[in-house]
Amino acid sequence: MTETTPAYGLWPLVILNSAVFILFAFSFIRPKTRLDWRSLGAFSAFMVALFVEMYGFPLTIYFLSGWLQSRFPNTDIFAHGSGHLWFTILGLEGNPHTSPIHLVANLLIIAGFYLTYRAWQVLHAAQQAGQLATTGPYGLVRHPQYDGFILVMFGFLLMWPTFLTLIMFPILLVVYTRLAKQEEGLVRKEFGQAYDVYAQHVPAFIPRLKR
């Protein structure tokens with residue numbers, strides 16, 4: 001952003017970015033069930049909240065403006081680059097988009113979407129064959145698609161932390177945990193003991209270091 005370019009109030013960018021990432025996620029999970037739609041809805045709410053503060057109205061910056069201005073008097077806290085709060089607070093110099101924090105955040109976001117896509121491929125193939133999905137990402141965790149969404153959200157949280165998304169993130173972890181349990185109940189009814197055996201060997205969200 002240049003000095004003559006507004007840093008915020010860019011509502012078309014809010015709408016565009018929200019739509020792109022929500023449609024991206026939609027194309028990966030192809031929601032069919034009520035649980036699928038609830039999962040996508042939770043992710044969508046996080047994305048909208050994120051981009052509203054990133055390009056629309058910087059609520060977190062306004063709340064922190066007094067502290068930021070006193071702590072960093074030579075910094076234009078309402079410049080778009082200052083919205084990268086980790087970059088600003090740590091006193092890093094240069095372009096925030098090329099900082100290690102931003103690069104790690106991008107890797108997490110890409111990894112999250114890729115994991116969600118691979119999980120959907122395995123799940124779709126298993127559903128078409130009337131089988132339980134146990135290969136690929138499903139061989140490591142029982143809910144790789146939820147893990148993918150969590151990685152994406154954590155990546156954005158690292159890139160552009162806000163009060164609202166910091167509050168939403170743990171709440172969404174609880175939501176995804178409950179959705180996963182409901183989903184397991186449905187799958188257990190369909191596959192019975194086969195799912196119980198699978199669940200004994202494969203953790204829900206965090207892969208085991210030793211198999």
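The values are calculated or read from the model by the stated rules, or taken from the named source; none is laboratory data. Quick caveat: nothing in here was measured; it's all calculated off a predicted structure. Here Cβ is always computed from backbone atoms with ideal geometry, including for glycine, and neighbour counts include all displayed protein chains.
Some observations on this one:
So that you can scan it fast, the table gives a plain yes or no per residue for (1) part of a loop (DSSP other than H, G, I, E, B); (2) touching a residue at least 24 places away in the same chain (Cβ under 8 Å); (3) under 14 Å from the mean Cα position of the chain (by Cα); (4) farther than 21 Å from Pro144 by Cβ:
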| position | (1), (2), (3), (4) |
| --- | --- |
| Val14 | no, yes, no, yes |
| Ser18 | no, yes, yes, yes |
| Phe26 | no, no, yes, no |
| Pro31 | yes, no, no, no |
| Glu53 | no, yes, no, yes |
| Leu92 | yes, no, no, yes |
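- Residue count, the stretch 61-78 (criterion: part of a loop (DSSP other than H, G, I, E, B) and under 14 Å from Gly91 (Cβ atoms)): 5
- Qualifying residue in the stretch 124-134 (condition: of a type outside the set (Val, Ile, Thr), surrounded by 18 or more Cβ atoms within 10 Å (Cβ to Cβ) and assigned to a helix (DSSP H, G or I)): no
Every residue, every condition in (1) at pLDDT below 95; (2) in contact with a strand residue (DSSP E or B) (Cβ under 8 Å, 6 or more places away or on another chain); (3) closer than 30 Å to Thr75 by Cβ, yes or no:
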site: Tyr8; (1), (2), (3): yes, no, yes
site: Ile15; (1), (2), (3): no, no, yes
site: Leu35; (1), (2), (3): yes, no, no
site: Ile61; (1), (2), (3): yes, no, yes
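Here's the yes/no breakdown for (1) of a type outside the set (Lys, Arg); (2) farther than 19 Å from Phe24 by Cα; (3) modelled with pLDDT of 95 or more; (4) not in a loop (DSSP other than H, G, I, E, B):
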| residue | (1), (2), (3), (4) |
| --- | --- |
| Val104 | yes, yes, yes, yes |
| Ile109 | yes, no, yes, yes |
| Gly112 | yes, no, yes, yes |
| Ile150 | yes, no, yes, yes |
| Leu186 | yes, yes, no, yes |
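- Applying the condition of being buried (at least 17 other Cβ atoms within 10 Å of the Cβ) and among the acidic types (Asp, Glu) to the stretch 146-201 and asking which residue is nearest to the chain's Cα centre (by Cα) yields Asp147.
- Every residue from the stretch 45-71 that is more than 18 Å from Leu166 (Cβ to Cβ) and either in contact with a Pro (Cβ under 6 Å, 6 or more places away or on another chain) or buried (at least 16 other Cβ atoms within 10 Å of the Cβ) (or both): Tyr55
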